[in-house]
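Enquirer: The structure follows.
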Amino acid sequence: MALSSPGLGSGLDVSSLVSQLMTLEQRPLTALNTKEAKYQAQLTAYGSLKGALSSFQNAVASLATPAKFSAAKASLADATVATVGASAGAAAGNYSLEVQTLAQAHKLKSGSFTNTSDTVGTGTITVQFGTYSGGSFTLNADKGAATISIDSGKSSLAGVRDAINAANAGVSASIVNDGSGNRLVIASKDSGLANALKITVADDDANHTNNSGLSQLVYDASTGGTTNLTQTVAAQNAVAVIDGITVSKASNTISDAIEGVTLTLLKANTPSATTLSVSRDTAGVQASVQSFVKAYNDLKKTIDDLSKYDAANKRASTLTGDATVRSVQSQLRGLFNTALTTAGGGLRLLSDIGIGFQADGTLKLDSTKLNTAMSDPTKDISTLFAAVGKPTDSLVSFTGSTTDTKNGAYSVEVSQLATQGKAVGGSAAALTISAGSNDTLTLTVDGSAASITLAAGTYTAAALAAELQSKINGALSASGGAVTVSQSAGVLTVASNRYGAASTVTLTGGTAKADLFGTQTETAGADVAGSLGGAAATGSGQILTGSGDASGLAIKVTGGATGGRGTVSFARGFAYELDKLVGRMLENDSLIDGRMDGINASIKSLGSQREALLRRLDAVEMRYRAQFTALDGMIASMTKTSNFLTQQLANLPTPGSTE
């Protein structure tokens, strides 16, 4: 193929001519690039807006919890005596605290074994918890008994230890070498007098109390009991004196002596006392409210930076005049200016606690006004921020709401209180239990089956009720169920601790059933029933959930009478509403995402236009080059002809010449 270079023959700068012409032809492409850059800037700006909204949402979401605004703080003059914490609602005041004794967990040790591999024995170990007093043992009915199987593969000292620990029976086991041999140490996991240990065995050697085989682990310190284990640490309650009142608790952590205050005792300080101070955490509330104000102002600054117009330089920002940004601003301002007419905390507007707009549109907090509101016991700041229901009845509590719950004051009518499923004996229970004769019982509680074996012996009615409750709850521990067993005139009642229609107790069999209950009466539990705001509500256990305007409003009715039970004033506070509003703005199908989707679609369309334009420009450039190449050839040919003619003409004789 012959090589050619446009312009060599004619002297024309073809490449420059084509380049200049293509520069003109490419003006539409430049316009497309400029438009795409603008769209990309808008996408970046919307991304910044979404980021700012997300940060604001995180800030307001943390304020939507009522406890945030009722926090308390506590301190001790002598911090070495105990650690102290206060929860929302703790009453402010000063208390004297004297710690007399610390709680201790019961610990027992075995006799000495040469090696941890030495055989102890096989059979079953039953662990019960209770109180030793006056030579008798009273079962702790709130703690389930547990039976642990020891087979030949677990019969060594180490194997028994591991089996006890694996059973999760409320005790722990370890082996301690005291220099003369190895001893098994069994300790109650819970401290306190009522958690002392009683350990019985069913020894495979058929003797359940001698100091041989598994019987080496028997411990019963009641009168006439067998104590083959030795006590190393006695069960003991923590005893403290608070404002002159003696308080005895099973644990060193005491959370129910002073409402809302948790004490963890560290040491005794008797006979001296230290001062416990409880006060409202106003500084924490102020910081939370200030963070709310700052979060809004940070969001506003971001919006302003993205949408402001610089009049001095006559320069617009990326989103100046943008309808989506205006909509975001309008919705936020509109929510701030909506009064909470049904809030039950005595506050309606953010201005009631000193939050107001300034001339530049930012928020400002008046700390003096906020402190005044916090000091007023009739005001509840949480109702301004969280979704809160305030019942007027002390036995009715607010438990929750949904986005469907409308603000309002709803009357509470209770037509039926929630009840528990139970089985009631038809006659007084037999008080003597004989092994293998009348010692087993099977039952189903809330749908979970349980099978128990009672300890042989002669009981009082109260002791028999405690034995039943302990054994049943131990058998139900895996399912999470529990019962309370009581007696009246010797007649036993087993009641599920659950409320509602799902609460049932069914006695299904066992050798003790007839002696303990005779012909029992079994009654399923019932759900609470009633209405909220005049509309029928749905009951589930003790929870009543409204419908209609009160849809999703849930209250718990824990007692009282049927009939009118006052009102529940409900309102969704500003933080709650802002959280939900911003959440909607950030959803995938929101106004912002819709706008961004539109921009992305436009960018995609520009890409298609660019591809088509580039194809056309390639064709135009090829045409220009072809035309100029042809012109170049034509001029070169004409130049050659011109040169030939010039040469020939120059060779012609001059007129008048003799040649």
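Enquirer: Which one of the conditions (1) loosely packed, with under 15 Cβ neighbours inside 10 Å; (2) within 24 Å of the chain's Cα centre (by Cα); (3) of a type in the set (S, T, N, Q) does residue 19 fail to meet, given that it meets all the rest?
Expert: (2)
Enquirer: Return the residues of region 249-265 that are free of Cβ contacts under 8 Å to residues at least 60 places away in the same chain and surrounded by fewer than 19 Cβ atoms within 10 Å (Cβ to Cβ); say none if nothing qualifies. Reasoning before the result, please.
Expert: Filtering region 249-265 for residues free of Cβ contacts under 8 Å to residues at least 60 places away in the same chain gives 253-257.
Those that are free of Cβ contacts under 8 Å to residues at least 60 places away in the same chain and surrounded by fewer than 19 Cβ atoms within 10 Å (Cβ to Cβ): 253, 255, 256, 257.
Enquirer: Take the residues in region 321-335 that are buried (at least 18 other Cβ atoms within 10 Å of the Cβ) and under 31 Å from the mean Cα position of the chain (by Cα), then tell me which one is nearest to residue 390 (Cα to Cα).
Expert: Among those residues, the one meeting the criterion is 332.
Enquirer: In region 392-406, is there at least one residue being β-branched (Val, Ile, Thr), touching a helix residue (DSSP H, G or I) at 6+ places or on another chain (Cβ under 8 Å) and surrounded by fewer than 17 Cβ atoms within 10 Å (Cβ to Cβ)? Outline the logic, then answer.
Expert: First, pick out the residues of region 392-406 that are β-branched (Val, Ile, Thr): 392, 396, 399, 402-403, 405.
Cutting the leftovers down to touching a helix residue (DSSP H, G or I) at 6+ places or on another chain (Cβ under 8 Å) gives us 403, 405.
Remaining after also requiring surrounded by fewer than 17 Cβ atoms within 10 Å (Cβ to Cβ): 403.
Checked region 392-406: at least one residue is β-branched (Val, Ile, Thr), touching a helix residue (DSSP H, G or I) at 6+ places or on another chain (Cβ under 8 Å) and surrounded by fewer than 17 Cβ atoms within 10 Å (Cβ to Cβ).
Enquirer: Can I ask one more? Among the numbered criteria (1) closer than 20 Å to residue 580 by Cβ; (2) among the hydrophobic types (A, V, I, L, M, F, W, C); (3) in contact (Cβ under 8 Å) with a residue 12 or more places away in the chain; (4) not in a helix (DSSP H, G or I), which one does residue 339 miss?
Expert: The single condition residue 339 does not satisfy is (3).
Enquirer: Restricting attention to region 412-470, which residues are of a type in the set (Ser, Thr, Tyr), over 18 Å from residue 483 (Cβ atoms) and surrounded by 15 or more Cβ atoms within 10 Å (Cβ to Cβ)?
Expert: Keep residues of region 412-470 that are of a type in the set (Ser, Thr, Tyr), which gives 415, 419, 427, 432, 434, 437, 440, 442, 444, 448, 451, 453, 458-460, 470.
Subsequent filtering for residues that are over 18 Å from residue 483 (Cβ atoms) retains 415, 427, 432, 434, 437, 458, 460.
Of everything in region 412-470, those that are of a type in the set (Ser, Thr, Tyr), over 18 Å from residue 483 (Cβ atoms) and surrounded by 15 or more Cβ atoms within 10 Å (Cβ to Cβ) turn out to be 427, 434.
Enquirer: Considering every residue within region 602-621, establish whether at least one is out of contact with any strand residue (DSSP E or B) (no Cβ under 9 Å at 6 or more places or on another chain), surrounded by fewer than 17 Cβ atoms within 10 Å (Cβ to Cβ) and at pLDDT 90 or above.
Expert: There is no residue in region 602-621 that is out of contact with any strand residue (DSSP E or B) (no Cβ under 9 Å at 6 or more places or on another chain), surrounded by fewer than 17 Cβ atoms within 10 Å (Cβ to Cβ) and at pLDDT 90 or above.
Enquirer: Taking residue 170 as meeting all but one of (1) out of contact with any helix residue (DSSP H, G or I) (no Cβ under 7 Å at 6 or more places or on another chain); (2) free of Cβ contacts under 8 Å to residues at least 12 places away in the same chain, write down the number of the exception.
Expert: Looking at each condition in turn, residue 170 falls short on (2).
Enquirer: Same structure, new question: Restricting attention to region 382-404, report how many residues are outside any strand (DSSP E or B), among the aliphatic types (A, V, I, L, M) and either at pLDDT 95 or above or touching a Ser or Thr at 6+ places or on another chain (Cβ under 8 Å) (or both).
Expert: Let us first name the residues in region 382-404 that are outside any strand (DSSP E or B), namely 382-386, 392-395, 401-404.
Cutting the leftovers down to among the aliphatic types (A, V, I, L, M) gives us 384, 386, 395.
This time we only want the ones that are either at pLDDT 95 or above or touching a Ser or Thr at 6+ places or on another chain (Cβ under 8 Å) (or both), so: 386, 395.
The qualifying residues number 2.
Enquirer: Also: So, residue 152, is that one within 22 Å of residue 205 (Cβ to Cβ) and not acidic (Asp, Glu) or not? Let's see the steps before the verdict.
Expert: Details: within 22 Å of residue 205 (Cβ to Cβ): yes; not acidic (Asp, Glu): yes.
Yes, satisfied.
Enquirer: Looking only at region 514-540, which residues are at positive phi and part of a loop (DSSP other than H, G, I, E, B)? Step through it out loud before you land on a result.
Expert: If we filter region 514-540 for residues that are at positive phi, which is where we start, we get 518, 530, 533-534.
Answer for region 514-540, where residues must be at positive phi and part of a loop (DSSP other than H, G, I, E, B): 518, 533, 534.
Enquirer: Tell me, which residue of region 135-164 that is more than 12 Å from residue 122 (Cβ to Cβ) and small (Gly, Ala, Ser) is surrounded by the most Cβ atoms within 10 Å (Cβ to Cβ)?
Expert: Just the residues of region 135-164 that are more than 12 Å from residue 122 (Cβ to Cβ), to begin with: 135-147, 157-158, 161-162, 164.
Keeping just the survivors that are small (Gly, Ala, Ser) gives 135-136, 141, 144-146, 158.
Values: 135: 10, 136: 14, 141: 24, 144: 22, 145: 28, 146: 21, 158: 18.
Only one residue fits best here, namely 145.
Enquirer: Continuing with this model, one more query. Can you tell me which residues in region 437-479 are part of a loop (DSSP other than H, G, I, E, B) and either touching a residue at least 12 places away in the same chain (Cβ under 8 Å) or of a type in the set (Lys, Arg) (or both)? So that I can check it myself, show each step before the final result.
Expert: Within region 437-479, the subset part of a loop (DSSP other than H, G, I, E, B) is 437-439, 446-447, 454-456, 459-460, 477-479.
Selection gives 437, 438, 439, 446, 447, 454, 455, 456, 459, 460, 477, 479.
Enquirer: For residues that are over 44 Å from the mean Cα position of the chain (by Cα) and of a type in the set (Gly, Ala, Ser), scanning just region 207-256, find the one that is nearest to residue 102 (Cα to Cα).
Expert: Checked region 207-256; the qualifying residue nearest to residue 102 (Cα to Cα) is 221.
Enquirer: Could you say which residue among 67, 92 is exposed (fewer than 14 other Cβ atoms within 10 Å of the Cβ), of a type outside the set (Asp, Glu), at pLDDT below 90 and under 25 Å from residue 581 (Cα atoms)?
Expert: After ruling out the rest, the residue left standing is 67.
Enquirer: So which residues in region 350-376 are under 26 Å from residue 303 (Cβ atoms) and either free of Cβ contacts under 8 Å to residues at least 24 places away in the same chain or of a type in the set (Phe, Trp, Tyr) (or both), if there are any at all?
Expert: 351, 354, 356, 357, 358, 359, 360, 366
Enquirer: Restricting to region 123-134, name every residue that is surrounded by 24 or more Cβ atoms within 10 Å (Cβ to Cβ) and not polar (S, T, N, Q). Show your work before the answer.
Expert: Within region 123-134, the subset surrounded by 24 or more Cβ atoms within 10 Å (Cβ to Cβ) is 125, 127-130.
Matches in region 123-134: 125, 127, 129, 130.
Enquirer: Here are some residues: 137, 129. Which one is within 30 Å of residue 496 (Cβ to Cβ), more than 37 Å from the chain's Cα centre (by Cα) and not acidic (Asp, Glu)? Before you say what the answer is, go through the steps one by one.
Expert: Details: 129 fails: more than 37 Å from the chain's Cα centre (by Cα).
Sole residue among the options that is within 30 Å of residue 496 (Cβ to Cβ), more than 37 Å from the chain's Cα centre (by Cα) and not acidic (Asp, Glu): 137.
The values are calculated or read from the model by the stated rules, or taken from the named source; none is laboratory data. None of these values were measured; they are calculated from a predicted model. Note that we place each Cβ from the backbone using ideal geometry, even for glycine, and neighbour counts take in every protein chain shown.
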